[in-house]
Amino acid sequence: MTLIRTPLMGSNQQYTFRPVGESLEQRRLLATLPAIEMPSEVAGDVAVTQVSESTVSTQSLAAAAATGIVARHRMTSTQYNAEVARLQDLGYRPFQVSGYEIAGQDYYAAIWKPTGSTTWQARHGMTSSQYQQEFTTLLGQGYRLSHVNGYTIGGIDRYAAIWEKVSGPGFYARHRMTGSQLQNFNNDYTSQGYRITKLSGYAIGSQSYYAAIWQKQSGPTYVWRYGLTSAEFQEQSGQFAASGYDVVDVSGYSVGGVDYYAGIWEQQSATSGVLRHALSSSQYQSEFDALLAQGYELNRVDGYTVGGIDRYVASWTKPAQAFTELPISGAMLPQLSALTDTVEQFMVERQIPAGSIAISKDGQLLGEIGLGWSDHDQSDAIDPDAMFRLASVTKPMTDAVVTKLIAEGVLSLDDQVFCTAGASDDCLLDITPWGTPDARLSQINVGHLLEHRGGWDRDLSGDPVFNQIAIADALGINSPPDQYQIAQYVLGQPLDFDPGTRYAYSNFGYMILGLIVEQQTGRDFTEYLQNEIFRPIGVANTEIELGRSLPDDRNPREPNYHHPSLGTSVFDTSQLVAFPDGAFHLESMESFGGQIASARAVTSFLDRYWISGDRRSGGNANYTFYGSLPGTVTMARQRTDGFNVVVLLNQRTDAAGNTYDVNVLKSRVDAVLDTVNVSITTQDTIGLYQGDTSLFHLKETFGAGPSDQYFAFGPSGNAGWTPLVGDWNGDGTDTIGLYQGDASLFHLKDSFSPGAADHYFAFGPGGAGWIPLAGDWNGDGIDTIGLYQPELSLFHLKDSTTPGASDHYFAFGPSGNAGWTPVVGDWDGDGKDTIGLYQPDASLFHLKNSFTAGASDQYFAFGPGGNAGWTPMAGDWDGDGADTIGLFQPDASLFHLKDSFAPGASDHYFAFGPSGNAGWIPLAGDWNGPTISASSAAAAAANFVSAASMPVAKPSPTASADPIEEIAAAEVVKIIGETETDVALTQLQDSNRTNRPTSGKSLREETPGLLDLVWQTGIELEEKDAAMSVLFSTQSSLK
């Protein structure tokens, strides 16, 4: 006997399901049954074939999956038949069987595994011609040979085989080969890209023969041997184990009374295995029992006879222990804890080792959770802000980039993409095709690419972005090719359909969109995405970036990615690697699948953008987008109730090669959220700015008493800088800023602390006396700035905290420095701030709900009139989602605040700050952030949670079938099929894109120079019938 301990792949997981059904205890007992030594039987006919086909119910599948493997040896043909039938009823199928002769009768040793969803056929006792006939028949029915064993009974070679109805790569099968034929065939097949995966030795007379299977597939480095004596087998197995090779197939046979061995070893990466040979029946039973108790699982056994005595060679591995729970980090709203439990259950059922969840509503983060481990050893719990590959969830972000450029007039939906024959002079990309370009390329426009209607269908011609090695070979360059080189190759191939005529999901089309962005902006795609899409919504560049293919190059916040198969490295085609670790080139997927991000960063994106790429502006919708790569599953979900959910996982395929149904994940998440009600409310309070010392005194309640936030920011000494209030980073909390009028500079802070400004930029003319404004003009949840030009009563409003032209530009009110004061608020509760004017002589408020000419939408008086020096304010004083107005009385430092646009007394009236016209400037804002109220169906009453207890934002660090061949003494079976390819699988719930801009003009370009605004004024609020209509006309000179 020999004991060989060999490495086991660390990523090879044992999947465990809870057993179900009435015979639960029987099934549990079956899991512990060792190999049974059967009594010798000599009566009965030898079975020529045994046919079994199985498809099992979900119930038997679940029970079988709970019980591991079943092994039997020294079975007669009758016993083997009975065991196949019995175990089939329990949800098992034979996956390996070997025959051998004792006293002229055939016996069998076999291993069964859970059937799963596999349809299978098994045969034994076949002659050579019967085997060939069965192979041909089953091949025609869609079955693939998965196992073959040769043995002799009475000097006649017999065969046992198993077929499965599954797809897979091309393969060859050969039997009755001599050793030299075996070697020659192997040399031929390996030169064609095949590798030997099954090898069985047997003797006919005094000559050794072999049956084998070769498959056209990649895999780890391997070695194979045949004709080894017991001593040679012992020695070489030890050497292979010491070099990190694990036996994956083994065969014992005897020739002339001497035992010989053949085997296949593959280089693996982790723990231990056990290999035994020359075992008697009782020794094999004992080893089985002992190793079972130690947690080992039998994966290969081959019975043979030496001198009339049955012997066994077998190998065991210790599967990785299935986990039943995951470490969890981060914070979640208590009423949403079932969401964490649901995702954890999904992961445990599929043995997905790492994931992240983030959920928000109305722009407020409700939870950010990390589940599982970041490393293969499952020792390091993953952080909630871990970065994961996004796969195709990158595409909505590319949509957002392109939509922005369309809105800015840089691009148009009708722009011709490729500068090929027939294209216009203003085409976008001049790429030299490798080959003869399709004449229809000139018809492709930007809209076609966005809509997946560009003319490429990966189901017909393959997905070029996952074919980097072949493309590099064709171009005669080193692999991997970059995006431009991939484009050169693809543009030299024919299109699959006329552009614009139908939908076909296209990664390549989105790769081209990325190249367009770089060409038209002169900037790197990822850098543009970071700084023009994510940074303006408060997401640091460190939270979204281009991922890397190789483990050594990755962000340290990324987990390991798990996938059951290996692939040829695109960086070194002589090497096989774990598929997520270099078998595809993530860097060339930059604009369609290459980004990595935290779940929270993606949620922030969903808060501000629709999955279509359009900016959100009020209301909710039902969108879901999935991403998939080997080692990655992602889901981004926008619901009609305002919930945005992101789930990122580091495994998409189980050990058997089954890809997960992400719709199961979506339905489970929805089932949880359908039972929870969450509302987000904000309430503004007041504050004062003390200009002489540049101190901010902020109150979180309406009442007297000390300030709740107190800090200095800016120059002291009454420098004339004007205070501003806004939620500059979209976290739900207002902070402050200062406007330096002499240089027209904005200095904005994201926190209540001294130090440098977080946003610093110039906008507008310095020293012109223009009045600074702050508001959320586009409803994206982030406040930006603006300027009011009093001499022309012009408003210049920006949608970003960056320099450049205004995004909204219009006149409202009387020109000529009439002394009216601008106010800003969301008067109708639609989520967008608009403007208004306060007329101090009559204490009248003129409020607009839109950026258009025409009469005010709210018009009323409040306050003393007569230019009393009171300062207008605006805020949501009662938390109903709509802003109203107020006045600050400086002589007594009194605040008079209204909850409605109606006459009458103030609703909130209190003093705060020094009286006597001290020159302090009133402020209004939500200093402590939103209040979250949540309830579930089981809750008797709502529970209230301060947003302060939620996770806080991190600071920004900077296939032909050949005829059967007859070769001397060797019967040959051959089939070639298409190689199975791992590709990204993505699904957009609604492929129709709507509401996309039809004009590239900015709002300013579409606004006429002469703006007519109709105002209604009245002397007394109660005398509306006496109101006068006044027409103001003003000519704009701002360009």
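Entry remark, the stretch 362-384: residues being of a type outside the set (A, V, I, L, M, F, W, C), touching a helix residue (DSSP H, G or I) at 6+ places or on another chain (Cβ under 9 Å) and within 30 Å of ASP780 (Cβ to Cβ) number 7 in total. Of all residues in the stretch 319-349, those that are of a type outside the set (A, V, I, L, M) and not in a loop (DSSP other than H, G, I, E, B) total 12. Checking the stretch 341-351 against the condition returns a match, with at least one residue being in contact with a strand residue (DSSP E or B) (Cβ under 7 Å, 6 or more places away or on another chain), in the same structural domain as GLN638 (by TED's automatic domain parsing), under 27 Å from SER935 (Cβ atoms) and crowded, with 23+ Cβ neighbours inside 10 Å.
Might you let me know whether the stretch 378-385 holds any residue that is of a type outside the set (A, V, I, L, M), assigned by TED's automatic domain parsing to the domain that holds ASN663 and within 29 Å of LYS113 (Cβ to Cβ)? Yes: the stretch 378-385 contains one or more residues that are of a type outside the set (A, V, I, L, M), assigned by TED's automatic domain parsing to the domain that holds ASN663 and within 29 Å of LYS113 (Cβ to Cβ). Within the stretch 83-123, restricting attention to residues that are of a type in the set (A, V, I, L, M, F, W, C) and assigned to a helix (DSSP H, G or I), the residue that is nearest to ILE162 (Cα to Cα) is VAL84. Among the residues of the stretch 583-596, what is the count of those that are in a loop (DSSP other than H, G, I, E, B) and at pLDDT 95 or above? Residues meeting the conditions: 7.
Evaluation of ARG389 against the conditions (1) over 16 Å from the mean Cα position of the chain (by Cα); (2) among the basic types (Lys, Arg); (3) modelled with pLDDT of 95 or more shows that the sole unmet condition is (1).
If you go through the stretch 535-554 and keep only what is assigned to a loop (DSSP other than H, G, I, E, B) and crowded, with 19+ Cβ neighbours inside 10 Å, you end up with GLY538, VAL539, GLY547, SER549, ARG554.
Put simply, of ALA173, ALA109 the only residue that is within 18 Å of ARG300 (Cα to Cα), within 47 Å of the chain's Cα centre (by Cα) and crowded, with 23+ Cβ neighbours inside 10 Å is ALA109. When ILE885 is tested against (1) under 15 Å from ASP684 (Cβ atoms); (2) at pLDDT below 90; (3) buried (at least 16 other Cβ atoms within 10 Å of the Cβ), just one condition goes unmet, and that condition is (2).
Yes or no: GLY819 touching a strand residue (DSSP E or B) at 6+ places or on another chain (Cβ under 9 Å), of a type in the set (Gly, Ala, Ser) and assigned to a loop (DSSP other than H, G, I, E, B)?
Taking the combined requirement at face value, the residue satisfies it.
Checked against the criteria, GLY804 does not count as within 30 Å of LEU365 (Cβ to Cβ), in a loop (DSSP other than H, G, I, E, B), in contact with a Gly (Cβ under 6 Å, 6 or more places away or on another chain) and not charged (D, E, K, R). A single entry from SER628, SER667 fulfils the requirement of being over 14 Å from the mean Cα position of the chain (by Cα) and within 30 Å of ALA322 (Cβ to Cβ): SER667. Identify, please: which residue in the stretch 318-340 is hydroxyl-bearing (Ser, Thr, Tyr) and more than 30 Å from TYR296 (Cβ to Cβ) and is, among those, surrounded by the most Cβ atoms within 10 Å (Cβ to Cβ)? The residue in question is THR340.
Scanning the stretch 555-580 for residues that are acidic (Asp, Glu) and surrounded by 17 or more Cβ atoms within 10 Å (Cβ to Cβ) yields one hit, GLU558. All of (1) in contact with a helix residue (DSSP H, G or I) (Cβ under 9 Å, 6 or more places away or on another chain); (2) under 16 Å from ALA599 (Cα atoms); (3) not small (Gly, Ala, Ser) hold for VAL517 with one exception: (2).
Would you check if there is a residue in the stretch 420-428 being in contact with a Pro (Cβ under 6 Å, 6 or more places away or on another chain) and at pLDDT 95 or above? Checked against the condition, which is being in contact with a Pro (Cβ under 6 Å, 6 or more places away or on another chain) and at pLDDT 95 or above, the stretch 420-428 yields no hits at all.
When residues in the stretch 519-534 are screened for being in a helix (DSSP H, G or I) and either among the β-branched types (Val, Ile, Thr) or farther than 14 Å from LYS404 by Cα (or both), 5 of them pass. The criterion of being within 27 Å of LEU460 (Cβ to Cβ), at pLDDT 95 or above and among the charged types (D, E, K, R) holds for ARG502. Scanning the stretch 399-455 for residues that are closer than 21 Å to ARG523 by Cβ, part of a loop (DSSP other than H, G, I, E, B) and of a type outside the set (Ser, Thr, Tyr) returns GLU408, GLY409, VAL410, LEU411, ASP415, VAL417, CYS419, ASP426, CYS427, LEU428, ASP430, ILE431. Return the residue satisfying two criteria in turn: it lies in the stretch 706-740 and is within 18 Å of LYS832 (Cα to Cα) and either in the same structural domain as ASP607 (by TED's automatic domain parsing) or small (Gly, Ala, Ser) (or both), and of such residues it is modelled with the highest pLDDT. Per the stated criteria, the residue is GLY726.
The values are calculated or read from the model by the stated rules, or taken from the named source; none is laboratory data. Every value quoted in this text rests on a predicted model; they were computed, and no experiment measured them. Every residue, glycine as well, gets a Cβ built from its backbone with ideal geometry; the counts of neighbours run over all protein chains shown.
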